[in-house]
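Participant: Right, I'll just put the structure down here and ask away after.
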Amino acid sequence: MTTKGDIRGIAALALAAVAVFVLPGPVPAAAATAPDLTRFYGQRIAWTDCGDEMEYQARRTWAGSDEKLPAAMSRFECGDVEVPRDYADPKGKAGTAQIAALRLKATDQKRRIGSLVLNFGGPGLSGRYALNSHIPQLARLNERFDLVAHDPRGVVRSDPVLCDGPQDGDPAEEPAQDPGQGPARDQTPDTADEVTRVAEAQAAKNAQCDQASARRVLPWVGTTNSSRDLDVLRAALGDDKLHYLGFSYGTKLGAAYLHQFPDRAGRMVLDGVMDPTLDTRADALSSTKAFQRALDNFLADCVAHGAKECPLGATAAAAKSKVNALFTGLDGKPLETSAGTLDQATFTQAVQSALYSKAQHWPQLRTALAELASKGNGTAMAEAGGKLPSAQLPRGPFPAVTSDEDAQQQEFALRAINCRDASERPTAEDYLAAVDEFTALSPVFGHNTAAAMLECTGWPVPGDNTSREVGAEDAPSSLLVGTRGDPATPYENTARMAAALDNDSRILTYEGEGHGAYTTDSTCIHEHVDRYLTEGTLPPEDTTCR
């Protein structure tokens with residue numbers, strides 16, 4: 001999904017007068033004179049040793065132990081690709097940017113197929129760090145492919161979006177009281193005055209990106225230009241076709257590539273599929289339904305473990321009522337624990353993040369809710385809300401371990417790309433018109449997902465909807481993978497994407513929970529995806545894996 005801020009972000013959301021850039025519109029498909037991109041397409045990447053940066057990341061990922069560091073680390077190579085910031089005017093004042101890439105060469109060079117470019121989600125997630133963090137899961141594909149990941153434009157080492165001033169999660173630099181935030185701030189705003197304060201705070205935060213270093217970059221980020229960068233990267237790798245594996249937001253990026261470069265698309269897998277055609281409100285509503293459905297599935301599983309492990313009620317319906325009551329009880333009455341404050345924001349954070357992975361986080365959430373429900377002890381819940389990956393940061397099925405500085409930069413990039421990819425700028429009035437519907441669907445997530453609509457309030461650069469155009473009827477068939485219980489990218493998106501692409505894509509269904517299917521231990525999913533990428537064989541129609 002396109003991940004937005006949590007309710008802590010909403011309580012820091014604003015209306016402020018901000019300068020707005022006037023951007024050129026999208027380049028017509030058949031421009032009278034096509035821009036000359038010869039020098040960009042004529043590049044070849046000069047791969048070198050990655051040096052200290054990737055070793056630092058690897059040691060963070062693998063607990064600093066030489067014994068745990070994958071042998072593959074010695075095979076990592078780093079390189080850069082130059083791209084124009086403005087593809088319509090590649091020699092113009094906008095200048096160029098360097099796109100940072102990482103390669104892990106195929107282990108079976110005699111049977112090497114070529115490159116497999118991966119995008120692990122976001123937007124705003126460093127592909128290089130994510131690949132570094134998940135070498136073992138991709139070992140089989142690495143036999144036949146050079147695995148290549150990059151930081152998309154605006155992210156970490158690729159012309160990064162940098163904004164001045166404190167951001168969420170940096171309390172040491174935040175003012176004692178920011179707009180919309182009082183001593184007992186309302187984390188579920190539902191009056192015009194409350195929501196206006198929230199919107200004013202968000203605009204004030206977004207105004208921090210209206211300064212020189214950001215102005216150079218902000219007009220040129222976004223999915224459409226990133227998909228053009230993918231094609232330059234393909235050429236720089238020496239590949240005639242782009243073979244691609246994209247997760248979560250990476251499915252939107254892959255769809256944009258299929259739309260723009262259907263004749264250069266190779267075998268492309270999209271797992272955890274977004275619906276790129278949705279506007280801002282529809283996307284937020286879809287997220288509300290998906291997260292609530294995932295929570296319902298979690299609660300049914302919880303009840304099945306029995307009253308000792310799950311003292312929330314004898315039925316899933318009773319457990320749902322109990323969880324809603326626990327959440328509502330924190331409204332203006334947070335619990336102070338040894339792990340920090342458990343307020344509604346932390347509660348939502350703990351639940352939302354845990355739903356991304358059944359294997360890794362459901363047991364932890366079950367224990368935390370049991371402690372809160374049976375003993376009134378919110379310590380485990382507060383700890384879970386603080387330690388699980390933040391829903392405010394770029395997310396995908398493959399989370400990446402990064403430094404605090406890079407994590408903050410990726411939050412900037414997340415917002416910059418989201419706001420560039422949408423023309424809508426919903427207002428406090430739009431929030432008020434939607435919030436009752438959202439909270440009726442999900443008391444726990446409704447305010448949070450409705451607040452996501454205000455993410456771009458006062459953003460200094462206008463957006464456009466070019467990336468919603470994904471028709472690719474001339475492209476080869478792709479493989480779309482959907483998970484029935486996916487909280488972040490609803491299963492229904494899979495069929496919607498297939499219809500929008502219109503390229504006879506094949507759908508592979510995973511009857512399971514969590515965000516993305518290839519990240520699970522399903523042998524069936526791995527076999528079908530790997531076979532398609534290595535042999536070009538799509539699974540039979542209506543194939544379902546468990």
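The values are calculated or read from the model by the stated rules, or taken from the named source; none is laboratory data. Quick caveat, the model's predicted, so the values are computed rather than measured. Positions of Cβ are backbone-derived with ideal geometry, glycine not excepted, and every protein chain shown enters the neighbour counts.
Participant: Looking at the range 509-521, which of its residues are touching a Phe, Trp or Tyr at 6+ places or on another chain (Cβ under 9 Å) and either more than 28 Å from Leu365 (Cα to Cα) or assigned to a loop (DSSP other than H, G, I, E, B) (or both)?
Facilitator: Residues satisfying the conditions are Gly514, His515, Gly516, Ala517, Tyr518, Thr519, Thr520.
Participant: So which residues in the range 246-297 are in a helix (DSSP H, G or I), closer than 17 Å to Val148 by Cβ and among the charged types (D, E, K, R), if there are any at all?
Facilitator: Within the range 246-297, the subset in a helix (DSSP H, G or I) is 249-260, 262-264, 280-297.
Now restrict to residues that are closer than 17 Å to Val148 by Cβ: 250, 253-254, 257, 264.
Of everything in the range 246-297, just one residue is in a helix (DSSP H, G or I), closer than 17 Å to Val148 by Cβ and among the charged types (D, E, K, R), namely Arg264.
Participant: Scan Ala130, Ala101 and give me the residue that is among the small types (Gly, Ala, Ser), within 13 Å of Leu233 (Cα to Cα) and in contact with a Leu (Cβ under 9 Å, 6 or more places away or on another chain). Step through it out loud before you land on a result.
Facilitator: Working: Ala130 fails: within 13 Å of Leu233 (Cα to Cα).
Of the residues listed, the single one that is among the small types (Gly, Ala, Ser), within 13 Å of Leu233 (Cα to Cα) and in contact with a Leu (Cβ under 9 Å, 6 or more places away or on another chain) is Ala101.
Participant: Sticking with this structure for a sec: Anything in the range 522-546 that is under 15 Å from Asp271 (Cβ atoms) and either acidic (Asp, Glu) or in a helix (DSSP H, G or I) (or both)? List them, or say none.
Facilitator: Selection gives Cys524, Ile525, His526, Glu527, His528, Val529, Asp530, Arg531, Tyr532, Leu533.
Participant: So, Ala176, is that one at pLDDT below 95 and either in a strand (DSSP E or B) or within 28 Å of Leu125 (Cα to Cα) (or both) or not? I'd like the intermediate steps shown before the answer.
Facilitator: Numbers: at pLDDT below 95: yes; either in a strand (DSSP E or B) or within 28 Å of Leu125 (Cα to Cα) (or both): no.
Against the criterion (at pLDDT below 95 and either in a strand (DSSP E or B) or within 28 Å of Leu125 (Cα to Cα) (or both)), Ala176 does not qualify.
Participant: Return the residues of the range 369-405 that are at pLDDT 75 or above, among the charged types (D, E, K, R) and either in a loop (DSSP other than H, G, I, E, B) or buried (at least 19 other Cβ atoms within 10 Å of the Cβ) (or both); say none if nothing qualifies.
Facilitator: Step one: of the range 369-405, the residues at pLDDT 75 or above are 369-386.
Subsequent filtering for residues that are among the charged types (D, E, K, R) retains 371, 375, 383.
The answer is Glu383, and nothing else.
Participant: Still on this structure: Kindly evaluate Glu455 against the criterion of being acidic (Asp, Glu) and either on the phi > 0 side of the Ramachandran plot or within 21 Å of the chain's Cα centre (by Cα) (or both).
Facilitator: When the stated conditions are applied, Glu455 passes them.
Residue-by-condition table, conditions (1) in contact with a Phe, Trp or Tyr (Cβ under 6 Å, 6 or more places away or on another chain); (2) farther than 18 Å from Thr466 by Cα; (3) acidic (Asp, Glu):
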| residue | (1), (2), (3) |
| --- | --- |
| Leu233 | no, yes, no |
| Asp239 | no, yes, yes |
| Leu242 | no, yes, no |
| Thr277 | no, no, no |
| Cys310 | no, yes, no |
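Participant: Quick check on the range 104-147: of everything there that is acidic (Asp, Glu) and more than 19 Å from Asp49 (Cα to Cα), which residue is nearest to the chain's Cα centre (by Cα)?
Facilitator: To start, the set of residues in the range 104-147 that are acidic (Asp, Glu) comprises 108, 143, 146.
With the extra rule that they be more than 19 Å from Asp49 (Cα to Cα), the set shrinks to 108, 143.
Details: Asp108: 32, Glu143: 27 Å.
Ranking the qualifying residues of the range 104-147, first place goes to Glu143.
Participant: Can you go through Ala416, Ala450 and tell me which one is within 30 Å of Lys322 (Cα to Cα), assigned to a helix (DSSP H, G or I) and out of contact with any Asp or Glu (no Cβ under 7 Å at 6 or more places or on another chain)? Please lay out each step first, then the result.
Facilitator: Working: Ala416 fails: within 30 Å of Lys322 (Cα to Cα).
None of the other options fit; the residue is Ala450.
Participant: Across the range 476-507, what is the number of residues that are part of a loop (DSSP other than H, G, I, E, B), surrounded by 24 or more Cβ atoms within 10 Å (Cβ to Cβ) and among the small types (Gly, Ala, Ser)? First the steps, then the outcome.
Facilitator: In the first step, residues of the range 476-507 are kept if they are part of a loop (DSSP other than H, G, I, E, B); the result is 476-478, 486-491, 502-505.
If we keep only those that are surrounded by 24 or more Cβ atoms within 10 Å (Cβ to Cβ) as well, we get 478, 486-490, 505.
Among the residues that remain, those that are also among the small types (Gly, Ala, Ser) are: 478, 488, 505.
Residues flagged as part of a loop (DSSP other than H, G, I, E, B), surrounded by 24 or more Cβ atoms within 10 Å (Cβ to Cβ) and among the small types (Gly, Ala, Ser) within the range 476-507 amount to 3.
Participant: Which residues, taken from the range 322-368, are part of a loop (DSSP other than H, G, I, E, B), polar (S, T, N, Q) and crowded, with 18+ Cβ neighbours inside 10 Å?
Facilitator: The initial filter retains those residues of the range 322-368 that are part of a loop (DSSP other than H, G, I, E, B), namely 330-334, 338-339, 343, 355-357.
Now restrict to residues that are polar (S, T, N, Q): 338, 357.
Hit for the range 322-368 is Ser357, nothing else.
Participant: A follow-up question, please. Is it the case that some residue within the range 220-239 is farther than 30 Å from Leu104 by Cβ, crowded, with 20+ Cβ neighbours inside 10 Å and within 23 Å of the chain's Cα centre (by Cα)? Working first, answer last.
Facilitator: Initial filter on the range 220-239 (farther than 30 Å from Leu104 by Cβ): none.
No: the range 220-239 contains no residue that is farther than 30 Å from Leu104 by Cβ, crowded, with 20+ Cβ neighbours inside 10 Å and within 23 Å of the chain's Cα centre (by Cα).
Participant: Any chance the range 444-456 includes a residue that's charged (D, E, K, R), surrounded by fewer than 24 Cβ atoms within 10 Å (Cβ to Cβ) and at pLDDT 95 or above? If you could, list the steps in order and put the result at the bottom.
Facilitator: To start, the set of residues in the range 444-456 that are charged (D, E, K, R) comprises 455.
Remaining after also requiring surrounded by fewer than 24 Cβ atoms within 10 Å (Cβ to Cβ): none.
Within the range 444-456 (the criterion being charged (D, E, K, R), surrounded by fewer than 24 Cβ atoms within 10 Å (Cβ to Cβ) and at pLDDT 95 or above), the answer is no, since none of the residues qualifies.
Participant: Next question. If Ala184 satisfies all but one of (1) modelled with pLDDT of 95 or more; (2) in a loop (DSSP other than H, G, I, E, B); (3) of a type outside the set (Phe, Trp, Tyr); (4) out of contact with any helix residue (DSSP H, G or I) (no Cβ under 8 Å at 6 or more places or on another chain), what's the number of the condition it fails?
Facilitator: (1)
Participant: Further question on the same structure: Quick test of your reading of the structure: Val435 fulfils all but one of (1) touching a Gly at 6+ places or on another chain (Cβ under 8 Å); (2) part of a loop (DSSP other than H, G, I, E, B). Name the failing condition by number.
Facilitator: (2)
Participant: Report, by residue number, each residue of the range 273-303 that is among the basic types (Lys, Arg) and within 18 Å of the chain's Cα centre (by Cα). Break it down stepwise before answering.
Facilitator: Going through the range 273-303, the residues among the basic types (Lys, Arg) turn out to be 281, 289, 293.
Answer for the range 273-303, where residues must be among the basic types (Lys, Arg) and within 18 Å of the chain's Cα centre (by Cα): Arg281, Lys289.
Participant: Do we have any residue at all in the range 131-142 that's among the charged types (D, E, K, R) and modelled with pLDDT under 95?
Facilitator: Restricting attention to the range 131-142, the residues satisfying the condition of being among the charged types (D, E, K, R) are 140.
In the following step, the residues that additionally are modelled with pLDDT under 95 were identified as none.
Scanning the range 131-142, I find no residue that is among the charged types (D, E, K, R) and modelled with pLDDT under 95, so the answer is no.
Participant: Please specify each residue of the range 260-284 satisfying the condition of being farther than 19 Å from Asp229 by Cα, surrounded by fewer than 20 Cβ atoms within 10 Å (Cβ to Cβ) and not small (Gly, Ala, Ser).
Facilitator: Thr277, Leu278, Asp279, Arg281
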